[in-house]
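See below for the structure under consideration.
The values are calculated or read from the model by the stated rules, or taken from the named source; none is laboratory data. Since the model is a prediction, treat every value here as computed from it, not as a measurement. Note that we place each Cβ from the backbone using ideal geometry, even for glycine, and neighbour counts take in every protein chain shown.
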Amino acid sequence: MTDAKVFAGFEERRAEVRGATLRYLVGGAGPPLVLVHGLAGAASNWVELAPLLARRHRVLIPELPGHGGSDPLPAAPSLDPFADRVIEVARLEGMLPAALAGHSLGGTVALRAAARHPRDVTAVVLLAGAGITSAGRSIENALTLAVLGAGKAIAPLRGLIARRPWTRRAVFGYWQVADPPALSAVATEGFLAGPGLHLDVDQAGYALQADDARLGLDRVRCPCLCVWGADDHLVPLSDGFDYARRLGAPLRVIADCGHLLIGERPAACADAIETFLRSF
């Protein structure tokens, strides 16, 4: 997988949004669905899940400012600028209103988008959504940024890492994936492709840490679903219960699954998302 690899059936596009050029992928046909990656992630994180969802949806995958092929922002004291730009990309593509599904930080951004743009967001799916507790945010940010530093060094070796179970365990063990040797080579490369491209993910991490993900949840009026890995050690399942309580949302737990559930259990995630979106 090259740095600019585009999934089968998807097209790479770029657009200037509020002073920053953002890279994104778009593909499929049907009701619009926007996928938002996590901190230090990229569009490639969705390499196994996005094609499953594109069978029934028009899928948009933006890369957040500073991530992948997207320009960083001049300043971002909160998550609001990230949420606003996700909505603006979807607007440029004529895909509003849309359902949003976000992984980790992407889930927090999706919720902020729903609170700030209620007419544009029809539903939110939190996939191991970050930010419910201050301690959790600090731990997640520190670990993610530490992994990113190593990720830049090993990104060129991702093909070799993907082919060997023991190297997958060394890179993804405990904090990221419940069973690293079982992580597919495609998903492995998808998770490792981003760090070599990032320009500034620290800003998003600082915005998450300075912000309070709980603020504005009472303004989220659309249906929500929480999906969590039972063995998530980075954003624990207790956060999933807390989000579900605050949002009045159902919680679906995926057994034997860690934080990177979108690559570790893509079929289960697709089933959870599709079942939820068909329910209203």
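Restricted to strands (runs of 3 or more DSSP E) entirely inside segment 1-113, those with at least 3 residues that are within 23 Å of GLY229 (Cβ to Cβ) are 32-36, 98-103.
Within segment 177-190, the presence of at least one residue that is surrounded by fewer than 17 Cβ atoms within 10 Å (Cβ to Cβ), out of contact with any His (no Cβ under 9 Å at 6 or more places or on another chain), touching a residue at least 40 places away in the same chain (Cβ under 8 Å) and in a helix (DSSP H, G or I) is confirmed. Filter segment 7-58 down to residues that are β-branched (Val, Ile, Thr) and surrounded by 16 or more Cβ atoms within 10 Å (Cβ to Cβ) and give me whichever is farthest from ALA98 (Cα to Cα). Filtering first and then ranking leaves VAL47.
The numbered conditions (1) modelled with pLDDT under 95; (2) in contact with a Leu (Cβ under 7 Å, 6 or more places away or on another chain); (3) among the β-branched types (Val, Ile, Thr) are all true for VAL227 except (1). Do we have any residue at all in segment 73-85 that's of a type in the set (Phe, Trp, Tyr), touching a Pro at 6+ places or on another chain (Cβ under 9 Å) and crowded, with 24+ Cβ neighbours inside 10 Å? The answer is yes, given that some residue of segment 73-85 is of a type in the set (Phe, Trp, Tyr), touching a Pro at 6+ places or on another chain (Cβ under 9 Å) and crowded, with 24+ Cβ neighbours inside 10 Å. Among residues of segment 169-219 being under 30 Å from ALA115 (Cα atoms) and among the acidic types (Asp, Glu), the one that is modelled with the highest pLDDT is ASP218. In this structure, ARG23 qualifies as within 18 Å of the chain's Cα centre (by Cα) and of a type in the set (D, E, K, R). Evaluated against (1) within 18 Å of HIS233 (Cα to Cα); (2) at pLDDT 85 or above, ILE132 falls short on exactly one condition, (2). Scanning segment 43-81 for residues that are closer than 17 Å to ILE262 by Cβ and of a type in the set (Ser, Thr, Tyr) turns up just one, SER44.
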